[in-house]
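Engineer: Okay, handing you the structure first.
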Amino acid sequence: MNLNTWKTKIKIDLNFDTKTVLLSGNSMGIYFEFYSVNNIIVHFKPLNELFKNSVYTGNSGVLLNFERDLIDEDDVEYALDVMSLFNKYPQLNIRSEKEVAQVKKLIEMLKDEYFGENVSYIMLKTLLKVLLLHLIRFQNNELLPQDIHQERVFQFLELMEINFLNETNAEYYANQLGISTKRLNQVLQQKLNLTAKQVIQQRQITEAIRKLIRSEITTKELAFDLGFESISSFSRFFKKNVGISPTAFKAQQKF
């Protein structure tokens, strides 16, 4: 992967503040706030959300910002675990000296790779995955109260991740959650500032881009895989969201 491509997928910022520009609104962010040798506050920015204001008033730290396709490239179970990590709680307090040391070591390895002369995208992605798996393990050991609306957002995202290729109607997900479509959209708009349909479409675009980059799939096959009734309707949908046609996008990846 060339420099210009991977730089659009992952970012490390050592001077994070309110003026910092993230990769995109649909990217995921983790801010590590260092308090002491045995205390790190980990702040999470899920998809389509913002960091809490308290993030900008704390101690110095490190921002990891990455696009969701870095986790979508792996298996579904891993992607769901990461979604859970970001959507269960807004932050994680790591107090164990051993766990703090593990996190700091992985962050330093990420920084060395990211700012090094011979940076490897595969190495960055692998180190990020190891770090996320550690955070998932640490979070699973925590027993914290969860906001009911945030829980519904995660439940929706979890269902969508498994079913979006076959189910693109918001009513299906509302029925699965036992609430009305109107209520589902109210919760999602409150937390993500998006409707269920918009979140599903984002996921379709991410999947389309991933498959166009990583496989020899045709536009016709991709349209069918994503549940579109015709190639033309899919092409219009893709161009509206990405700016160019699927065919033109795939051609760009060869250079």
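The values are calculated or read from the model by the stated rules, or taken from the named source; none is laboratory data. Being a predicted model, the structure only gives us computed values, none of them experimental. Here Cβ is always computed from backbone atoms with ideal geometry, including for glycine, and neighbour counts include all displayed protein chains. Ligands, DNA and RNA are stripped out before the accessible areas are found, and what is left, the full protein with its side chains, is counted by its heavy atoms. Shrake-Rupley method; radii C 1.70, N 1.55, O 1.52, S 1.80 Å.
Engineer: Determine if segment 138-155 includes at least one residue that is surrounded by 14 or more Cβ atoms within 10 Å (Cβ to Cβ), under 21 Å from K191 (Cβ atoms) and modelled with pLDDT of 90 or more.
Structural biologist: no
Yes/no per residue for (1) over 18 Å from K197 (Cα atoms); (2) among the aliphatic types (A, V, I, L, M):
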| position | (1), (2) |
| --- | --- |
| T219 | yes, no |
| S232 | yes, no |
| F237 | no, no |
| V242 | no, yes |
| K250 | yes, no |
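Engineer: With the requirement that a residue be surrounded by fewer than 19 Cβ atoms within 10 Å (Cβ to Cβ), modelled with pLDDT of 80 or more and not charged (D, E, K, R), what does segment 1-21 give you?
Structural biologist: Hits for segment 1-21 are T8, I12, L14, N15, T20, V21.
Engineer: On the given criteria, is N175 outside any helix (DSSP H, G or I) and exposed (fewer than 15 other Cβ atoms within 10 Å of the Cβ)?
Structural biologist: No; evaluated as a whole, the condition is false for this residue.
Engineer: Here is a further query. Scan segment 64-75 and report the pairs whose first residue is part of a loop (DSSP other than H, G, I, E, B) and whose second residue is modelled with pLDDT under 80 and surrounded by fewer than 21 Cβ atoms within 10 Å (Cβ to Cβ), with Cβ atoms within less than 8 Å and a gap of 6+ or a chain change.
Structural biologist: Here the result reads R68/N26; E73/R214, each pair linking segment 64-75 to a residue that is modelled with pLDDT under 80 and surrounded by fewer than 21 Cβ atoms within 10 Å (Cβ to Cβ).
Engineer: Scan (1) over 14 Å from K7 (Cα atoms); (2) open to solvent by 60 Å² or more (accessible area, probe 1.4 Å) for the single condition N118 breaks and write down its number.
Structural biologist: (1)
Engineer: While we're looking at this one, here's another question. Considering every residue within segment 151-166, establish whether at least one is among the basic types (K, R) and over 28 Å from E77 (Cβ atoms).
Structural biologist: No, every residue in segment 151-166 fails to be among the basic types (K, R) and over 28 Å from E77 (Cβ atoms).
Engineer: Kindly establish whether S24 is surrounded by fewer than 14 Cβ atoms within 10 Å (Cβ to Cβ), closer than 24 Å to R203 by Cα and either in contact (Cβ under 8 Å) with a residue 24 or more places away in the chain or touching a His at 6+ places or on another chain (Cβ under 8 Å) (or both).
Structural biologist: Taking the combined requirement at face value, the residue satisfies it.
Engineer: Count, please, the residues in segment 27-50 that happen to be under 14 Å from L92 (Cβ atoms) and open to solvent by less than 30 Å² (accessible area, probe 1.4 Å).
Structural biologist: 12
Engineer: Can you name every residue in segment 79-115 that is touching a Lys or Arg at 6+ places or on another chain (Cβ under 8 Å) and either open to solvent by less than 60 Å² (accessible area, probe 1.4 Å) or in a helix (DSSP H, G or I) (or both)?
Structural biologist: F86, the sole residue that qualifies.
Residues are listed down the side, and each one gets a yes or a no for (1) open to solvent by 60 Å² or more (accessible area, probe 1.4 Å); (2) in a helix (DSSP H, G or I); (3) at positive phi:
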residue: N166; (1), (2), (3): yes, no, no
residue: I209; (1), (2), (3): no, yes, no
residue: F224; (1), (2), (3): yes, yes, no
residue: F234; (1), (2), (3): no, yes, no
residue: I244; (1), (2), (3): no, no, no
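Engineer: Please specify each residue of segment 187-201 satisfying the condition of being part of a helix (DSSP H, G or I), over 16 Å from R68 (Cα atoms) and at pLDDT 85 or above. Spell out the reasoning first.
Structural biologist: At the first step, the residues of segment 187-201 found to be part of a helix (DSSP H, G or I) are 187-192, 196-201.
Checking the rest, the ones that are also over 16 Å from R68 (Cα atoms) come to 187-191, 196-197.
Selection gives V187, L188, Q189, A196, K197.
Engineer: Does segment 93-112 contain at least one residue that is touching a Leu at 6+ places or on another chain (Cβ under 7 Å), at pLDDT below 90 and either over 22 Å from L157 (Cα atoms) or not β-branched (V, I, T) (or both)?
Structural biologist: No: zero hits.
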